[in-house]
Amino acid sequence: MRALLPLALKSAWNRRYSLGLTLLAVTLSVTLLLGIERLRQDARDGFAQAVSGTDLVVGARGSPLQLLLYSVFRMGEASHNLGWDSARALAAHPAVAWTIPLSLGDSHRGYPVLGTTSAYFEHFRFGDRQPLAFAAGQPFAGLFEVVLGAEVARKLGYRPGERITLSHGMGGEGLAEHGDKPFTVVGILAPTGTPVDRTLHIGLEALEAIHLDWQGGAPIPGLNIPPELVKKFDLTPKSVTAVLVGLKSRAAVFAMQRHVADYRDEPLMAVLPGVALSQLWELLGVAEGVLRAVSALAVAAGLAGLVAVVLASLDQRRRELAILRANGARPRDIFLLLALEGGAVTLAGALLGLTLRTVLVLGLGPWVQAEYGLVLRADWPGSGELYALGGVLLAGLLASLLPGWRAYRLSLADGMTPRL
Amino acid sequence: MKRSAPLLLALALAMPALAHDDHKHGHKHPHQHAHVHGQAELKVAVDGGRLDLRLESPLEAVLGFEHAPRNDKERAAVASLRKTLAVGEQLFAPTTAAGCKLAETRVISDVLDGKPGAGEDGHGDVVAEYRFACAQPDKLTGLEARLFSNFPKLRRLDVQVVSGKGQTARRLTPRMRLLSW
């Protein structure tokens, strides 16, 4: 058998074009399979990372998922606001350890502007319950001061001390500017791999101040309150988009949820972010299943192509196999030779697919993160990917038994002189 | 908006389900959960050695009817349900090694209390709360929902878990009774 290997390699080299194309098909299908698994896993991890320390997200009663996606992930549509009085009552509840009010709606060059309080920098947690860290500067203290997420600062090239203006509303070009009240960059956050990186943070009072002389989404004609004078006005916010709540004891979370739902002054709801995300993944499970099935079918097609190519080559190789037999190769050597050829192509395809997937993740990762806020990791394959790889190898080996068995039968029947 | 393109798909898929949810919540009872026969909800909070369970079930799933008992047979069924719900250890079995003891039980239901119950929509619910105290909190990793044996009409248990490892939602059925966190 050992003597056969160099011969087998040379024989394979002789058929390098057909085998090479088959290898390409297997490689691409494995890349697809692994890529989808990676996307699925990283999307779940990324979402879970962004809400790690928050017990409840409180907002106006409506769709829990909409509130969560908008307030935490800045995705989808705006939900109703909740009154500032409710937010204050919530913060004063004995079971509540901290609250972070969030107010969204404005933007700066496509990046969302978040109105909040200094509690955000103190209590917000991401990833494995890590606190926010500053790469430069400090939290906002004055009125017209802004703290940038890491990606905002990097993409737009801002440094502390820079003066920027905010736009009214979200999305794209042509928005009305809050040009008369520029903000000074006072801090830049360290990267988190969460939506925080794409956010500009200002105080709730500042958000109120830039809208003082506005009404119904446009500046009131003829009214212009200069920045120096805004402090003469009451800058207490009237409402906020949502409030993140941390509790003193985890055991109180469901009781608190009911307390919020029963709140008398306005219809509110409290969402358990982790539970809402689990429910989202369950809803998306069907779509995930379809994607996985499609990629599994692509692998099956790749392997079918492999078997077809090896089988087709068999007819051309009957003379070659007969010569091997004449030189002392036993029928089971022939069987092994063909089975191993298919197995080797599968193995090479799987490894190349893994490499290609890693190269793609490394190459496209930054773009995916910028466009979709999804952090792709190119690290060692996780259990899901290892299972997928194992499945491909097993299927490839089993499929290669077919040409092996056919070659075995032929070599028995043909003996030394195949009739072609 | 281009950022949210994949998520819009998610939203589109999720919205009908959520809209439906809103509808079920209704306006009469602010926090009344969905009332779907055969399905109950379980809320699990794990905080160190303390394990809090709250079971919210339509009476249909555990009793078979949702009105105040009208005859001796129904009265007997109510008495039997009271007894069953009082023994929380037989309904829920936390990890044995954790050494959990039932410390507190509370059962709330208008119908079981002899009140007419069954709101304007003709449905009635029961809420049972159990608090376990566990001697070995580190070993507490899950529980077995044995109540499926007690209540054959219960087909599905929607579970929300809050533990040191985070929050998650799970679904248990008579064939899959083990919950781990």
Only one of these conditions is not met by A:F254: (1) at the interface with chain B (Cβ under 7 Å from one of its Cβ atoms); (2) more than 20 Å from A:S86 (Cβ to Cβ). Which number is it? (2)
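Let's see how each residue does on (1) more than 30 Å from A:G62 (Cα to Cα); (2) at pLDDT 85 or above; (3) out of contact with any strand residue (DSSP E or B) (no Cβ under 6 Å at 6 or more places or on another chain):
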| site | (1), (2), (3) |
| --- | --- |
| A:L284 | no, yes, yes |
| A:V299 | yes, yes, yes |
| A:L303 | yes, yes, yes |
| A:L311 | yes, yes, yes |
| A:Q316 | yes, no, yes |
| A:L336 | yes, yes, yes |
| A:L364 | yes, yes, yes |
Taking strands (runs of 3 or more DSSP E) that do not extend beyond segment B:49-153, which have at least 2 residues that are more than 22 Å from B:V36 (Cβ to Cβ) and either away from every other protein chain (no Cβ under 14 Å) or basic (K, R) (or both)? B:92-94, B:100-108, B:142-145
Look at segment A:262-280 and say how many of its residues are farther than 20 Å from A:G53 by Cα and either more than 8 Å from chain B (Cβ to nearest Cβ) or touching a residue at least 12 places away in the same chain (Cβ under 8 Å) (or both). 6
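A quick yes/no check of all residues on (1) within 14 Å of chain B (Cβ to nearest Cβ); (2) more than 14 Å from A:A136 (Cβ to Cβ); (3) surrounded by fewer than 17 Cβ atoms within 10 Å (Cβ to Cβ); (4) of a type in the set (D, E, K, R):
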residue: A:A153; (1), (2), (3), (4): no, no, no, no
residue: A:G157; (1), (2), (3), (4): no, no, yes, no
residue: A:M170; (1), (2), (3), (4): yes, yes, no, no
residue: A:A176; (1), (2), (3), (4): no, yes, yes, no
residue: A:D180; (1), (2), (3), (4): no, yes, yes, yes
residue: A:T184; (1), (2), (3), (4): no, no, yes, no
residue: A:A190; (1), (2), (3), (4): no, no, yes, no
residue: A:D197; (1), (2), (3), (4): yes, yes, no, yes
residue: A:E205; (1), (2), (3), (4): no, yes, no, yes
The lone exception for B:V46 - which of (1) more than 24 Å from A:L280 (Cβ to Cβ); (2) modelled with pLDDT of 70 or more; (3) in contact with a Gly (Cβ under 8 Å, 6 or more places away or on another chain) it fails: (1)
Picking from B:L59, B:L51, the residue that is under 30 Å from A:L272 (Cα atoms), under 12 Å from the mean Cα position of the chain (by Cα) and buried (at least 23 other Cβ atoms within 10 Å of the Cβ) would be B:L59
Restricting the search to segment A:236-251, which residues are buried (at least 17 other Cβ atoms within 10 Å of the Cβ) and part of a loop (DSSP other than H, G, I, E, B)? A:P237, A:T241
For A:V186, indicate whether it is assigned to a helix (DSSP H, G or I), within 25 Å of A:F124 (Cα to Cα) and among the β-branched types (V, I, T). no
On the basis of being more than 39 Å from the chain's Cα centre (by Cα), in the same structural domain as A:V30 (by TED's automatic domain parsing), crowded, with 19+ Cβ neighbours inside 10 Å and in a helix (DSSP H, G or I), does A:L338 make the cut? yes
Just checking, how many residues over segment A:57-91 are more than 8 Å from chain B (Cβ to nearest Cβ), within 23 Å of A:E371 (Cα to Cα) and assigned to a helix (DSSP H, G or I)? 5
State whether one or more residues within segment A:252-273 are in contact with a strand residue (DSSP E or B) (Cβ under 8 Å, 6 or more places away or on another chain), of a type in the set (F, W, Y) and either crowded, with 17+ Cβ neighbours inside 10 Å or assigned to a helix (DSSP H, G or I) (or both). yes
Taking the condition of being under 21 Å from A:Y111 (Cα atoms) and free of Cβ contacts under 8 Å to residues at least 60 places away in the same chain, how many residues in segment A:215-248 meet it? 2
Any chance you could count how many residues in segment A:316-335 are in contact (Cβ under 8 Å) with a residue 60 or more places away in the chain and either part of a helix (DSSP H, G or I) or at positive phi (or both)? 13
Would segment A:83-92 turn up any residue that is crowded, with 16+ Cβ neighbours inside 10 Å and at pLDDT below 90? no
Can you name the number of the only condition in (1) more than 14 Å from every other protein chain (Cβ to nearest Cβ); (2) surrounded by fewer than 22 Cβ atoms within 10 Å (Cβ to Cβ) that A:V113 fails? (2)
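The rows are residues; the columns are (1) in the same structural domain as A:K181 (by TED's automatic domain parsing); (2) farther than 24 Å from A:A91 by Cβ; (3) of a type outside the set (G, A, S).
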residue	(1), (2), (3)
A:F233	yes, no, yes
A:V243	yes, no, yes
A:Y263	yes, no, yes
A:S278	no, yes, no
A:L303	no, yes, yes
What are the pairs with Cβ atoms under 7 angstrom where one residue, in segment A:381-394, is at pLDDT 85 or above and the other, located anywhere, is part of a loop (DSSP other than H, G, I, E, B)? Sequence gap at least six, or different chains. A:L389/A:P381
Set A:L68, A:L102, A:L56: member being in contact with a Ser or Thr (Cβ under 9 Å, 6 or more places away or on another chain) and crowded, with 20+ Cβ neighbours inside 10 Å: A:L102
Run B:K73 past the list (1) free of Cβ contacts under 8 Å to residues at least 24 places away in the same chain; (2) buried (at least 17 other Cβ atoms within 10 Å of the Cβ) and report the number of the one that doesn't hold. (2)
Can you name the number of the only condition in (1) exposed (fewer than 15 other Cβ atoms within 10 Å of the Cβ); (2) out of contact with any helix residue (DSSP H, G or I) (no Cβ under 9 Å at 6 or more places or on another chain) that B:Q136 fails? (2)
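The values are calculated or read from the model by the stated rules, or taken from the named source; none is laboratory data. What you see is a predicted model; the values in this text were computed from it and never measured. Quick reminder, even Gly has a Cβ in these numbers, built from the backbone with ideal geometry, and neighbours come from all protein chains shown.
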